[in-house]
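Shown next, in C-alpha coordinates, is the structure this report addresses.
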Amino acid sequence: MGNDAKYEQLKDIIKIYLPEDVSVDHITPESNFLEELNINSANLIDIVLDVEDVFDIQLENEDMDQMQTVNDAIEIINKKISDK
Amino acid sequence: MNESIRKMDTRLILDKLPYEPPFLFVDGLDRVDEMGIEGSFTFREDMGFYKGHFKDYPITPGVILTECCAQIGLVCLGIFLMKEDKAPQNLKIGLSSSEMEFYKPVFPGERVTVTSKKIYFRFNKLKCEVRMHNANGELVCKGILAGMIKTESNG
(Lines give C-alpha, C1' and ligand atoms only; values in the text may rest on other atoms or scores of the structure.)
Protein backbone atom coordinates (compact mmCIF):
# COMPACT_ATOMS: atom_id res chain seq x y z
CA MET A 1 0.00 0.00 0.00
CA GLY A 2 1.44 3.38 -1.00
CA ASN A 3 1.50 6.55 1.05
CA ASP A 4 -1.47 7.99 -0.85
CA ALA A 5 -3.67 5.07 0.10
CA LYS A 6 -2.50 5.28 3.69
CA TYR A 7 -3.13 9.00 3.71
CA GLU A 8 -6.71 8.48 2.52
CA GLN A 9 -7.30 5.81 5.16
CA LEU A 10 -5.84 8.05 7.83
CA LYS A 11 -8.06 10.93 6.68
CA ASP A 12 -11.10 8.69 7.04
CA ILE A 13 -10.11 8.02 10.64
CA ILE A 14 -9.26 11.64 11.47
CA LYS A 15 -12.50 13.06 10.11
CA ILE A 16 -14.53 11.17 12.74
CA TYR A 17 -12.80 13.15 15.47
CA LEU A 18 -12.72 16.61 13.90
CA PRO A 19 -14.56 19.30 15.84
CA GLU A 20 -17.60 20.78 14.09
CA ASP A 21 -15.79 23.90 12.93
CA VAL A 22 -13.03 22.01 11.11
CA SER A 23 -13.97 20.35 7.84
CA VAL A 24 -12.26 17.36 6.29
CA ASP A 25 -10.86 19.73 3.62
CA HIS A 26 -8.68 21.30 6.30
CA ILE A 27 -6.66 18.10 6.59
CA THR A 28 -3.29 18.31 4.83
CA PRO A 29 -0.17 16.19 5.31
CA GLU A 30 1.33 19.06 7.32
CA SER A 31 -1.67 19.53 9.62
CA ASN A 32 -0.86 19.52 13.31
CA PHE A 33 -3.52 17.45 15.07
CA LEU A 34 -3.83 19.50 18.24
CA GLU A 35 -3.01 23.00 17.03
CA GLU A 36 -4.45 23.13 13.51
CA LEU A 37 -7.15 20.49 13.43
CA ASN A 38 -8.28 21.34 16.98
CA ILE A 39 -8.41 17.70 17.96
CA ASN A 40 -8.14 17.34 21.73
CA SER A 41 -5.58 15.05 23.30
CA ALA A 42 -8.24 12.52 24.34
CA ASN A 43 -9.48 12.22 20.76
CA LEU A 44 -5.93 11.97 19.47
CA ILE A 45 -5.66 8.78 21.51
CA ASP A 46 -8.81 7.46 19.82
CA ILE A 47 -7.22 8.24 16.46
CA VAL A 48 -4.16 6.25 17.51
CA LEU A 49 -6.30 3.30 18.62
CA ASP A 50 -8.19 3.36 15.30
CA VAL A 51 -4.89 3.57 13.41
CA GLU A 52 -3.71 0.49 15.32
CA ASP A 53 -6.82 -1.43 14.28
CA VAL A 54 -6.86 -0.32 10.65
CA PHE A 55 -3.15 -0.86 10.01
CA ASP A 56 -2.76 -3.79 12.42
CA ILE A 57 0.14 -2.22 14.32
CA GLN A 58 0.84 -1.22 17.90
CA LEU A 59 2.07 2.20 18.97
CA GLU A 60 4.10 2.97 22.08
CA ASN A 61 4.26 6.08 24.26
CA GLU A 62 7.24 7.44 22.29
CA ASP A 63 5.29 7.14 19.03
CA MET A 64 2.41 9.01 20.61
CA ASP A 65 4.77 11.83 21.64
CA GLN A 66 6.21 12.07 18.14
CA MET A 67 2.87 12.04 16.36
CA GLN A 68 2.19 15.74 15.99
CA THR A 69 1.19 16.03 12.34
CA VAL A 70 -0.55 13.86 9.76
CA ASN A 71 2.85 13.25 8.11
CA ASP A 72 4.29 12.12 11.44
CA ALA A 73 1.48 9.59 11.65
CA ILE A 74 2.20 8.28 8.14
CA GLU A 75 5.89 7.93 9.03
CA ILE A 76 5.10 6.03 12.21
CA ILE A 77 2.65 3.76 10.38
CA ASN A 78 5.29 3.00 7.71
CA LYS A 79 7.92 2.29 10.34
CA LYS A 80 5.64 -0.02 12.32
CA ILE A 81 4.57 -1.91 9.21
CA SER A 82 8.17 -2.40 8.06
CA ASP A 83 9.22 -3.53 11.57
CA LYS A 84 6.58 -6.25 11.63
CA MET B 1 -5.90 -11.59 45.17
CA ASN B 2 -6.46 -12.07 48.89
CA GLU B 3 -8.70 -10.04 51.15
CA SER B 4 -5.96 -8.09 52.96
CA ILE B 5 -4.34 -6.91 49.71
CA ARG B 6 -7.68 -5.79 48.41
CA LYS B 7 -8.37 -3.76 51.58
CA MET B 8 -5.00 -2.09 51.33
CA ASP B 9 -5.58 -1.22 47.69
CA THR B 10 -8.91 0.42 48.31
CA ARG B 11 -7.61 2.45 51.27
CA LEU B 12 -4.64 3.67 49.21
CA ILE B 13 -6.92 4.62 46.35
CA LEU B 14 -9.26 6.62 48.59
CA ASP B 15 -6.30 8.43 50.17
CA LYS B 16 -5.10 9.54 46.74
CA LEU B 17 -8.42 10.94 45.56
CA PRO B 18 -7.99 14.63 44.73
CA TYR B 19 -11.43 15.64 46.05
CA GLU B 20 -12.94 16.72 49.30
CA PRO B 21 -16.42 17.63 50.48
CA PRO B 22 -18.62 19.10 49.19
CA PHE B 23 -17.34 17.55 45.97
CA LEU B 24 -16.30 14.11 47.09
CA PHE B 25 -18.75 11.47 45.88
CA VAL B 26 -17.06 8.26 47.01
CA ASP B 27 -17.64 6.66 50.42
CA GLY B 28 -16.01 3.32 49.87
CA LEU B 29 -14.80 0.78 47.34
CA ASP B 30 -16.00 -2.80 47.46
CA ARG B 31 -13.95 -4.38 44.73
CA VAL B 32 -11.20 -3.42 42.32
CA ASP B 33 -9.08 -5.28 39.80
CA GLU B 34 -7.46 -4.63 36.42
CA MET B 35 -10.78 -4.95 34.65
CA GLY B 36 -13.06 -2.83 36.81
CA ILE B 37 -14.18 -1.38 40.09
CA GLU B 38 -17.20 -1.15 42.35
CA GLY B 39 -17.87 1.53 44.94
CA SER B 40 -20.66 3.30 46.76
CA PHE B 41 -21.84 6.67 47.93
CA THR B 42 -24.72 7.96 50.04
CA PHE B 43 -26.20 11.30 49.02
CA ARG B 44 -26.70 13.01 52.36
CA GLU B 45 -29.87 15.00 52.82
CA ASP B 46 -27.92 18.13 53.76
CA MET B 47 -25.97 18.32 50.48
CA GLY B 48 -26.08 21.89 49.18
CA PHE B 49 -27.44 21.30 45.70
CA TYR B 50 -30.73 19.95 47.06
CA LYS B 51 -31.66 23.53 48.02
CA GLY B 52 -31.83 24.53 44.38
CA HIS B 53 -32.44 21.29 42.46
CA PHE B 54 -35.32 21.55 42.42
CA LYS B 55 -37.04 24.31 44.42
CA ASP B 56 -39.16 22.51 47.02
CA TYR B 57 -38.49 19.18 45.33
CA PRO B 58 -35.00 17.91 46.11
CA ILE B 59 -33.61 15.40 43.64
CA THR B 60 -29.99 14.59 42.82
CA PRO B 61 -28.86 16.38 39.63
CA GLY B 62 -27.84 14.15 36.73
CA VAL B 63 -24.50 15.92 36.49
CA ILE B 64 -23.82 14.96 40.10
CA LEU B 65 -24.74 11.33 39.36
CA THR B 66 -22.36 11.49 36.41
CA GLU B 67 -19.67 12.97 38.67
CA CYS B 68 -20.19 10.17 41.18
CA CYS B 69 -19.84 7.60 38.38
CA ALA B 70 -16.69 9.37 37.16
CA GLN B 71 -15.06 9.63 40.60
CA ILE B 72 -15.59 5.94 41.32
CA GLY B 73 -15.52 4.49 37.83
CA LEU B 74 -12.76 6.53 36.24
CA VAL B 75 -10.66 8.22 38.90
CA CYS B 76 -10.55 5.44 41.52
CA LEU B 77 -9.99 2.81 38.84
CA GLY B 78 -7.40 5.00 37.14
CA ILE B 79 -5.44 5.40 40.38
CA PHE B 80 -5.49 1.63 40.80
CA LEU B 81 -4.34 1.03 37.21
CA MET B 82 -1.50 3.54 37.55
CA LYS B 83 -0.13 2.08 40.77
CA GLU B 84 2.31 -0.01 38.76
CA ASP B 85 3.73 3.30 37.59
CA LYS B 86 4.91 4.01 41.15
CA ALA B 87 2.78 6.00 43.54
CA PRO B 88 0.72 8.57 41.67
CA GLN B 89 1.73 11.98 42.90
CA ASN B 90 0.43 15.29 41.68
CA LEU B 91 -2.40 13.53 39.99
CA LYS B 92 -3.78 15.38 36.99
CA ILE B 93 -7.18 14.34 35.79
CA GLY B 94 -9.81 15.55 33.39
CA LEU B 95 -13.05 14.19 32.06
CA SER B 96 -12.84 13.99 28.27
CA SER B 97 -16.23 12.60 27.32
CA SER B 98 -19.48 11.45 28.87
CA GLU B 99 -22.48 9.81 27.33
CA MET B 100 -25.00 8.96 30.02
CA GLU B 101 -28.58 7.77 30.13
CA PHE B 102 -30.75 8.19 33.21
CA TYR B 103 -33.54 5.90 34.31
CA LYS B 104 -34.48 6.52 37.95
CA PRO B 105 -34.34 9.58 40.20
CA VAL B 106 -32.06 9.55 43.25
CA PHE B 107 -33.58 11.27 46.27
CA PRO B 108 -31.79 12.80 49.28
CA GLY B 109 -30.47 10.12 51.62
CA GLU B 110 -30.22 7.38 49.00
CA ARG B 111 -27.20 5.11 48.75
CA VAL B 112 -25.99 4.18 45.29
CA THR B 113 -23.50 1.65 43.98
CA VAL B 114 -21.35 2.33 40.93
CA THR B 115 -19.80 -0.43 38.86
CA SER B 116 -17.32 0.33 36.13
CA LYS B 117 -15.85 -1.91 33.46
CA LYS B 118 -12.68 -0.88 31.70
CA ILE B 119 -12.97 -0.55 27.94
CA TYR B 120 -9.36 0.51 27.58
CA PHE B 121 -6.58 2.32 29.40
CA ARG B 122 -3.92 3.50 27.00
CA PHE B 123 -1.70 6.55 26.68
CA ASN B 124 -3.17 7.90 29.96
CA LYS B 125 -6.73 7.74 28.68
CA LEU B 126 -9.19 5.58 30.56
CA LYS B 127 -12.51 4.73 28.95
CA CYS B 128 -15.13 2.83 30.92
CA GLU B 129 -18.66 1.55 30.84
CA VAL B 130 -20.33 2.67 34.08
CA ARG B 131 -23.58 1.73 35.79
CA MET B 132 -25.21 3.13 38.91
CA HIS B 133 -27.76 1.16 40.92
CA ASN B 134 -29.86 2.27 43.89
CA ALA B 135 -30.29 0.37 47.15
CA ASN B 136 -33.13 -1.67 45.60
CA GLY B 137 -30.80 -2.85 42.86
CA GLU B 138 -32.57 -0.76 40.22
CA LEU B 139 -30.52 0.80 37.42
CA VAL B 140 -30.30 4.56 38.00
CA CYS B 141 -28.06 5.49 35.09
CA LYS B 142 -25.47 4.03 32.78
CA GLY B 143 -23.11 5.23 30.14
CA ILE B 144 -19.65 5.56 28.74
CA LEU B 145 -17.15 7.88 30.40
CA ALA B 146 -13.61 8.69 29.41
CA GLY B 147 -10.93 10.78 31.01
CA MET B 148 -7.27 11.58 30.98
CA ILE B 149 -5.36 10.63 34.08
CA LYS B 150 -1.68 11.16 34.57
CA THR B 151 0.92 12.18 37.06
CA GLU B 152 3.21 15.16 36.87
CA SER B 153 6.22 12.85 36.50
CA ASN B 154 5.09 11.01 33.36
CA GLY B 155 4.19 14.15 31.47
Inset, instruction - State whether one or more residues within the range B:85-98 are surrounded by 15 or more Cβ atoms within 10 Å (Cβ to Cβ), away from every other protein chain (no Cβ under 14 Å) and modelled with pLDDT under 95. - result: yes
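Each row is one residue, and each column tells you yes or no for (1) in contact (Cβ under 8 Å) with a residue 24 or more places away in the chain; (2) touching a strand residue (DSSP E or B) at 6+ places or on another chain (Cβ under 6 Å); (3) surrounded by 12 or more Cβ atoms within 10 Å (Cβ to Cβ); (4) not acidic (Asp, Glu).
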{"position": "B:Glu20", "(1), (2), (3), (4)": "no, no, no, no"}
{"position": "B:Ile37", "(1), (2), (3), (4)": "yes, yes, yes, yes"}
{"position": "B:Glu45", "(1), (2), (3), (4)": "yes, no, no, no"}
{"position": "B:Phe54", "(1), (2), (3), (4)": "no, no, no, yes"}
{"position": "B:Pro61", "(1), (2), (3), (4)": "no, no, yes, yes"}
{"position": "B:Glu67", "(1), (2), (3), (4)": "yes, no, yes, no"}
{"position": "B:Phe80", "(1), (2), (3), (4)": "yes, yes, yes, yes"}
Legend entry - Of the criteria (1) of a type in the set (Val, Ile, Thr); (2) buried (at least 17 other Cβ atoms within 10 Å of the Cβ); (3) outside any loop (DSSP other than H, G, I, E, B); (4) in contact with a Ser or Thr (Cβ under 9 Å, 6 or more places away or on another chain), which one B:Val106 fails: (3)
Inset, instruction - Please indicate, with yes or no, whether at least one residue in the range A:27-48 is among the small types (Gly, Ala, Ser) and in contact (Cβ under 8 Å) with a residue 24 or more places away in the chain. - result: yes
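Rundown of residues vs (1) more than 23 Å from B:Val130 (Cα to Cα); (2) at pLDDT below 95; (3) among the small types (Gly, Ala, Ser), yes/no style:
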position: B:Gly36; (1), (2), (3): no, no, yes
position: B:Gly39; (1), (2), (3): no, no, yes
position: B:Thr42; (1), (2), (3): no, no, no
position: B:His53; (1), (2), (3): yes, no, no
position: B:Thr66; (1), (2), (3): no, no, no
Inset, instruction - Go through the residues of the range B:123-136 one by one and say whether even a single one is more than 24 Å from B:Gly52 (Cα to Cα), at pLDDT below 95 and either within 14 Å of chain A (Cβ to nearest Cβ) or surrounded by 17 or more Cβ atoms within 10 Å (Cβ to Cβ) (or both). - result: yes
Inset, instruction - Mind listing whichever residues of the range B:137-155 are at pLDDT 95 or above and away from chain A (no Cβ under 14 Å)? - result: B:Gly137, B:Glu138, B:Leu139, B:Val140, B:Cys141, B:Lys142, B:Gly143
Inset, instruction - Among the numbered conditions (1) within 14 Å of chain A (Cβ to nearest Cβ); (2) crowded, with 18+ Cβ neighbours inside 10 Å; (3) under 13 Å from B:Ile144 (Cα atoms); (4) within 14 Å of the chain's Cα centre (by Cα), tell me where B:Ser116 comes up short. - result: (1)
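Condition (residue is aliphatic (A, V, I, L, M), within 14 Å of chain B (Cβ to nearest Cβ) and touching a helix residue (DSSP H, G or I) at 6+ places or on another chain (Cβ under 7 Å)) applied to the range A:12-24: is it met by at least one residue? Full working, then the answer.
So the first thing to find is which residues in the range A:12-24 are aliphatic (A, V, I, L, M), and the list is A:13-14, A:16, A:18, A:22, A:24.
Applying the additional criterion that residues be within 14 Å of chain B (Cβ to nearest Cβ) yields A:16.
Retained after the next criterion (residues that are touching a helix residue (DSSP H, G or I) at 6+ places or on another chain (Cβ under 7 Å)): none.
No - not one qualifying residue is present in the range A:12-24.
The values are calculated or read from the model by the stated rules, or taken from the named source; none is laboratory data. Model, not experiment: these values are computed from the prediction. A quick note on method: Cβ atoms are made from the backbone with ideal geometry, for glycine too, and the neighbour counts reach across all protein chains shown.
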